[in-house]
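Structure first, commentary second.
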Amino acid sequence: MAPATAAPVVLRLEGITKRFGTLTANDAVSLSLGAGEVVALLGENGAGKTTLMNILFGHYSADEGVVEVGGLPLPPGAPRAAIAAGVGMVHQHFTLAENLSVVDNILIGTEPLWRLRAGRGAARARIAALSRDFGLAVDPEAVVASLSVGERQRVEILKALYRDARILVLDEPTAVLTPQEAEALFATLRRMVAQGLSVIFISHKLHEVMALASRVVVLRQGRIAGEVAVADTTPAALAALMVGAAPAPAQIAPAPAGPARLRLRGVTTPNEGARPGLRGIDLTLAGGQITGLAGVSGNGQGAIAALISGLARPEAGSIEIDGREAGRGWSARAALDAGIARIPEDRHGTGSIADLSLTENAILERFTRPPFSRRGWLDRGAARRFAEGLIARHDVRCPGPDARIRLLSGGNMQKLILGRALSGDPGVILANQPVRGLDVGAIGFVHAELLAARARGAAILLISEDLDEIMGLADVIHVISAGRLSPGFARGTKTAAELGVWMAGGGFADAA
């Protein structure tokens, strides 16, 4: 056990226990944070990280234990009290109003509505000073919809700083950033820490933890599994502490391209608000290969995913499945009939229905077909057996197949969706952010499943904002930026920095 920080303690969670029915999410968890310190909070899916941070922020009340900020106890279940005490949080998915300006987003909630305009000039001056002091360059009058992902993250951090945050919780802060943007964020965080800000850093990217944090606290099954100084550990040791054993890296041999299972030819789609449509792209998914699609969120990945899964049709160009054009009858049902499986990007919004059970969610895309439908009647026994098989095979940690899926952690929800998609050996697999929010052990399992599907001859499109995942898994890599698609690059022929240039649009200018 590493010693507690020698710096003055600004945050202390002592003996935090939180139960949900028979499930103990946090079990006597104690954690401290010093002034000007970065503590990484790690743990596998369902380990209790999110619950612990929700207790800190006042979204949940602990059954036992206390939270102290600056030596004073925080009242339980009071988010305003946490903010007033100087606690700020930047979520993985930004909480910004895209139709408002930067300054309006920062000011919302800080003043009564009738006073916002009166103090706007002083607010702009303060935002400009914070931007200058912490290297968070952003135009205060810019509409958020016009900003890049990296700029939006700066706005989220400025929101916290404007409210005088002295403790900042960052939840997977680099999940949607290019390598260049991630480096800029780390430079900003180091500057902020040097000026006394304290940071709790939640990430599954262990190399980032090693680069930024001074101390690591690991949760496993709701308890503290270990605490260690970064100088005294390694990524492999942290992985073992998180999941009980260091996962073996996937062994990926080169795979020759099989027959084309799906093609997009000259496909164009309309813009969706500030999000660009596709601009005459050509994409081939070959059997027995994983094709990676890298890019900053919002550059056309969603349009490609919607086309492949039958949720949209092209404005121009065509979709071909096994050499046959899909035509005007292309739909979600047609995509399923054609053997296309999908792991959607938004597991909450489009991948599941929160108040249905795990069993009902397991058969969402096939409940009208055998073996789940017999002469128009749902065979609940067959459905339950199918769900139990998915739960066992994919290690979905849950109260049982009859539990509501909203009770699961995001990672365990993703495991069920993965199992649903891969069952039946589909010929084409759309894997859209398949390991977002998963722990290192679960990531290895998902990757192994995708590689097994590749070995069976499936054509897989892997859409991810994690370049490490793309570069480690994909046989062919495309980059998408502002609706334009790069040529295909074989694995190992481009560095992360070179792909980052394409992600920012620079490679397209060179190729023009």
Query raised in the report: helices (runs of 4 or more DSSP H) wholly in segment 56-142 with at least 2 residues that are aliphatic (A, V, I, L, M) and modelled with pLDDT of 85 or more - which ones?
Result: 79-84, 102-107, 120-134
**Report entry** Flag if residue 371 is touching an Asp or Glu at 6+ places or on another chain (Cβ under 9 Å) and either in a helix (DSSP H, G or I) or without any contact (Cβ under 8 Å) to a residue 60 or more places away in the chain (or both)
**Finding:** yes
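Going by the conditions given, is residue 255 modelled with pLDDT of 95 or more, closer than 30 Å to residue 457 by Cβ and either touching a strand residue (DSSP E or B) at 6+ places or on another chain (Cβ under 9 Å) or in the same structural domain as residue 189 (by TED's automatic domain parsing) (or both)?
No, not satisfied.
Yes or no, residue by residue, for (1) buried (at least 23 other Cβ atoms within 10 Å of the Cβ); (2) at pLDDT below 90; (3) within 20 Å of residue 302 (Cβ to Cβ):
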| site | (1), (2), (3) |
| --- | --- |
| 404 | no, no, no |
| 427 | no, no, no |
| 433 | yes, yes, yes |
| 442 | yes, yes, no |
| 479 | yes, no, yes |
Query raised in the report: Consider residue 441 against the criteria (1) touching an Asp or Glu at 6+ places or on another chain (Cβ under 7 Å); (2) outside any helix (DSSP H, G or I): it satisfies all of them except one. Which criterion is unmet?
Result: (2)
Requested in this report: Would you check if residue 454 is more than 18 Å from residue 332 (Cα to Cα), part of a loop (DSSP other than H, G, I, E, B) and in the same structural domain as residue 289 (by TED's automatic domain parsing)?
Outcome: no
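Return the only residue of 376, 400, 381 being without any contact (Cβ under 8 Å) to a residue 60 or more places away in the chain, closer than 24 Å to residue 332 by Cβ and either in contact with a helix residue (DSSP H, G or I) (Cβ under 6 Å, 6 or more places away or on another chain) or outside the structural domain of residue 47 (by TED's automatic domain parsing) (or both).
Numbers: 400 fails: closer than 24 Å to residue 332 by Cβ; 381 fails: closer than 24 Å to residue 332 by Cβ.
Step by step, each of 376, 400, 381 is checked, and only 376 is without any contact (Cβ under 8 Å) to a residue 60 or more places away in the chain, closer than 24 Å to residue 332 by Cβ and either in contact with a helix residue (DSSP H, G or I) (Cβ under 6 Å, 6 or more places away or on another chain) or outside the structural domain of residue 47 (by TED's automatic domain parsing) (or both).
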Query raised in the report: Of everything in segment 336-362 that's under 18 Å from residue 412 (Cβ atoms) and of a type in the set (A, V, I, L, M), which residue is surrounded by the fewest Cβ atoms within 10 Å (Cβ to Cβ)?
Result: 354
Query raised in the report: Somewhere in segment 181-197, is a residue hydrophobic (A, V, I, L, M, F, W, C), farther than 29 Å from residue 433 by Cα, surrounded by 15 or more Cβ atoms within 10 Å (Cβ to Cβ) and modelled with pLDDT under 90?
Result: yes
Report task. Might you let me know whether segment 484-499 holds any residue that is assigned to a helix (DSSP H, G or I) and in contact with a Leu (Cβ under 8 Å, 6 or more places away or on another chain)? Result -> yes
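The values are calculated or read from the model by the stated rules, or taken from the named source; none is laboratory data. What you see is a predicted model, and the numbers here were worked out from it, not measured in a lab. Note that each Cβ is placed from the backbone with ideal geometry, even for glycine, and that neighbours are counted across all protein chains shown.
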